[in-house]
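The values are calculated or read from the model by the stated rules, or taken from the named source; none is laboratory data. Remember, predicted model here, so these are calculated numbers, not experimental data. Cβ coordinates were reconstructed from backbone atoms using ideal geometry, including for glycine residues, and neighbour counts include every protein chain displayed. Areas reflect the complete protein model, heavy atoms only, side chains present, ligands, DNA and RNA absent. Shrake-Rupley method; radii C 1.70, N 1.55, O 1.52, S 1.80 Å.
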Amino acid sequence: MQQPLKPRLGVLGLMLEAYEPLFPGIMQRQDRYVRDLLESLSDVADFTFPSVAANRETIEKLTAQYNAEGLDGIVILMLSYSQGQFLAHAMQRNHLPLALALVQPDETVDDDFEEIDLTVNQGIHGSQDNANGLMRAGIRCAYFAGSKSREELGRFLADFGAAAKAYTALKSMKIGVIGKLRGMGDVITDDMAVFRKLGPEFIYDSIGTVHRYCAAVAPDEVSRRVAYERTVFDIDPKLPAQSHAEAVRMYLGLRRYLEENGYDGYTAHFEEFGEDGRFTQLPLLAASSLMADGYGYAAEGDATTAMLVRTLHDLCGMANFSEMYMMDLARDALLFCHAGEGNWKACRRDRKPFLADRVLSEGGLGNPPTPIFAPQPGPAVVASLVHVGGERFRLVCAPGEVLDKCDLRRCDMPYMFFRPRTGVRPCIQGWLEVGGTHHEAIVYGDWMPRLRLLCNMLDIETTIV
């Protein structure tokens with residue numbers, strides 16, 4: 001998959017037109033201030049700023065331009081007071097994520113300030129007027145108030161830009177679905193509600209389609225990938241070369257299935273592979289390597305979590321799929337693992353993932369090569385997307401910490417010990433009370449600001465447990 005590009009953000013620098021006759025040159029002064037500010041943050045996003053917007057006509061013209069150019073979002077900068085009424089019609093026709101950032105050229109009041117100095121720093125009450133108008137019009141907007149420094153404004157714009165790109169990507173996302181585990185209730189959603197509210201399309205394919213792609217993989221492709229994986233993994237000496245090659249063939253076939261159909265991720269129910277009769281092992285390595293490539297994935301027909309994993313790849317740079325296996329009350333932690341899938345790029349930095357000759361009876365097939373690893377210790381967020389009903393969705397989030405525990409001797413799956421910030425008991429009780437699902441997406445780092453921004457754009461609930 002291609003490296004993600006920087007967010008493309010249009011800038012509305014708002015001013016009161018009537019200030020120019022009072023303070024000749026004030027608009028040019030503020031125009032230069034915005035350009036210098038954006039230049040200092042050029043590594044955060046690609047900004048589009050044609051001119052200051054000092055009247056309703058310019059606001060509406062620039063908003064229409066940013067939408068026509070397909071930018072990822074719009075950032076409002078208050079350059080003085082600006083009438084909130086003038087923003088209303090432009091934002092009613094706007095389809096891009098919106099943020100208002102209140103920063104000032106000067107961050108303290110100098111004893112020698114004249115009226116013009118106070119005027120160029122008085123965006124606060126213009127922000128209040130505009131924010132009030134947006135709220136009353138039901139227009140969603142993210143807000144920031146603080147320093148124009150890289151540490152504050154730069155971090156906010158990086159988070160907003162990433163959320164805006166993820167929001168845009170959701171609107172064209174496609175997830176392939178290959179079977180579903182009968183009777184598993186929390187993976188069942190209203191596909192049309194997902195499509196209307198969030199954007200992704202779930203496309204149901206047959207196991208025969210997957211077999212056709214796997215069968216078409218050329219032997220030389222397999223050989224090249226096997227050679228690469230021998231540099232990535234510590235290989236189990238008991239792993240037969242033929243078994244490794246077959247796992248790689250399934251990975252390459254599934255990757256082509258995703259590429260040629262324009263899918264951003266997939267979910268597969270493993271019983272489909274056993275029932276088909278043409279496969280010799282389950283695609284555990286394939287699922288793991290496709291997540292490492294940036295695709296969304298979830299097991300057992302859970303298209304919603306596959307969608308979430310891909311979205312968190314887009315939002316945070318890397319995501320993983322797993323589930324809560326058990327509570328460890330002594331450690332005040334949760335043990336996470338699944339059947340054998342895991343994004344091996346999350347492996348802790350002081351060792352390689354181990355590719356094991358795994359004994360697994362599921363599906364009635366042969367031993368599937370399985371990557372085994374624990375992730376890097378540090379902050380993380382565990383997330384579950386819940387369809388509450390109708391058009392209501394809820395993102396359940398558990399911020400916490402991955403523990404430095406990686407020595408389970410008989411665990412033949414990727415695993416981690418995770419300590420919720422609230423403690424394991426209140427976290428899980430809260431998870432159950434708000435309907436958190438049994439499949440989860442995991443991101444490593446403290447990404448709650450981005451998650452909140454994306455949920456705000458999508459108009460879905462954020463619940464922290």
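Computed quantities for the displayed model
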{"quantity": "Three-way shape label, the stretch 1-158, alpha-carbon gyration tensor, a/c 1.5", "calculated": "oblate"}
{"quantity": "Accessible area (Å², per residue) of the stretch 336-389, counting only protein heavy atoms and a probe of 1.4 Å", "calculated": "34"}
{"quantity": "Stretchable slack from ALA193 to VAL434, in nm (0.36 nm times residue separation minus alpha-carbon distance)", "calculated": "84.8 nm"}
{"quantity": "Distance violations [Cα-Cα > 25 Å] among LYS238/LYS352; LYS180/LYS238; LYS180/LYS405; LYS6/LYS405; LYS174/LYS197; LYS180/LYS345", "calculated": "LYS180/LYS238; LYS180/LYS405; LYS6/LYS405; LYS180/LYS345"}
{"quantity": "The stretch 226-298 versus the stretch 148-223: alpha-carbon centroid distance in Å", "calculated": "17"}
{"quantity": "Cross-link reach list, aspartates and glutamates versus LYS165, counting only Cα pairs under 17 Å and skipping chain neighbours closer than eight places", "calculated": "ASP43, ASP46, GLU69, ASP72, ASP264, ASP314, ASP459"}
{"quantity": "ALA18 versus MET135: modelled label distance in nm, points set 7 Å from Cα along the beta carbon direction", "calculated": "2.5"}
{"quantity": "DSSP bridge pairs, the chain: antiparallel proportion in percent, nearest 5", "calculated": "50"}
{"quantity": "Sparse-neighbourhood loop sites, trypsin sites (Lys or Arg not before Pro) in the stretch 50-116 - DSSP loop, at most 12 other Cβ within 10 angstrom", "calculated": "ARG93"}
{"quantity": "Three-way shape call for the stretch 130-191 based on the alpha-carbon gyration tensor, with the a/c threshold at 1.5", "calculated": "prolate"}
{"quantity": "Karplus (6.51, -1.76, 1.60) ³J(HN,Hα), θ = phi - 60°, over the stretch 321-329, in Hz, Gly and Pro reported as x", "calculated": "10, 6, 8, 6, 8, 6, 7, 10, 5"}
{"quantity": "Kirkwood Rh (inverse of mean 1/r, distinct Cα pairs), the stretch 147-269, angstrom", "calculated": "17.8"}
{"quantity": "Ellipticity estimate at 222 nm from DSSP helix runs (n ≥ 4, -39,500 (n - 2.57)) divided over the chain, nearest 500", "calculated": "-11500 deg cm²/dmol"}
{"quantity": "Kirkwood hydrodynamic radius over Cα pairs of the stretch 219-274, then Stokes diffusion coefficient at 25 °C and 0.890 mPa s, in µm²/s", "calculated": "192"}
{"quantity": "Positive dipole terminus of the stretch 201-308, leading residue within GLY294, LEU239, TYR251 (C-beta point charges)", "calculated": "LEU239"}
{"quantity": "Förster radius 51 Å - calculated FRET efficiency between ASP459 and GLN242, Cβ distance, rounded to 0.05", "calculated": "0.50"}
{"quantity": "Long-range amide H partners of SER82 with built H, under 5 Å", "calculated": "GLY126"}
{"quantity": "Span from the the stretch 44-65 Cα centroid across to the the stretch 325-398 one, whole angstrom", "calculated": "45"}
{"quantity": "The chain: relative contact order in percent, alpha carbon pairs under 8 Å with at least 6 residues between", "calculated": "13"}
{"quantity": "Evaluated at q = 0.06, 0.07, 0.08, 0.13 Å⁻¹: base-10 log I(q)/I(0), Debye formula over Cα of the chain", "calculated": "-0.32, -0.42, -0.54, -1.13"}
{"quantity": "Under-5 Å amide H pairs with ALA145, H placed in peptide plane, nonlocal only", "calculated": "LEU102"}
{"quantity": "Antiparallel bridge percentage (DSSP; both residues within the stretch 227-346; nearest 5)", "calculated": "50"}
{"quantity": "Largest to smallest principal axis extent of the C-alpha atoms in the stretch 184-252, angstrom", "calculated": "47, 26, 22"}
{"quantity": "Karplus-derived HN-Hα couplings along the stretch 428-437 (A = 6.51, B = -1.76, C = 1.60, θ = phi - 60°), whole Hz, x at Gly and Pro", "calculated": "6, 4, x, 4, 5, 5, 9, x, x, 7"}
{"quantity": "Residue-count net charge about GLN92 - beta-carbon cut-off 13 Å; Lys, Arg +1, Asp, Glu -1", "calculated": "+3"}
{"quantity": "Per-pair calculated FRET efficiency, R0 = 45 Å: GLU275 and MET326 via Cβ, rounded to 0.05", "calculated": "0.95"}
{"quantity": "Most positive-pole-ward Cα, ALA166, PRO399, CYS337, against dipole of the chain from beta carbon charges", "calculated": "CYS337"}
{"quantity": "Sites matching GluC sites (Glu not before Pro) across the stretch 73-181 that sit in DSSP coil, with at most 15 neighbouring C-beta atoms within 10 Å", "calculated": "GLU107, GLU114"}
{"quantity": "Two-site FRET efficiency, SER361 against ASN67, from Cβ-Cβ distance with R₀ of 35 Å, rounded to 0.05", "calculated": "0.05"}
{"quantity": "Trypsin sites (Lys or Arg not before Pro) within the stretch 234-343, DSSP loop, no more than 15 other Cβ atoms inside 10 Å", "calculated": "LYS238, ARG278, ARG331"}
{"quantity": "Three-way shape label, the stretch 344-434, alpha-carbon gyration tensor, a/c 1.5", "calculated": "oblate"}
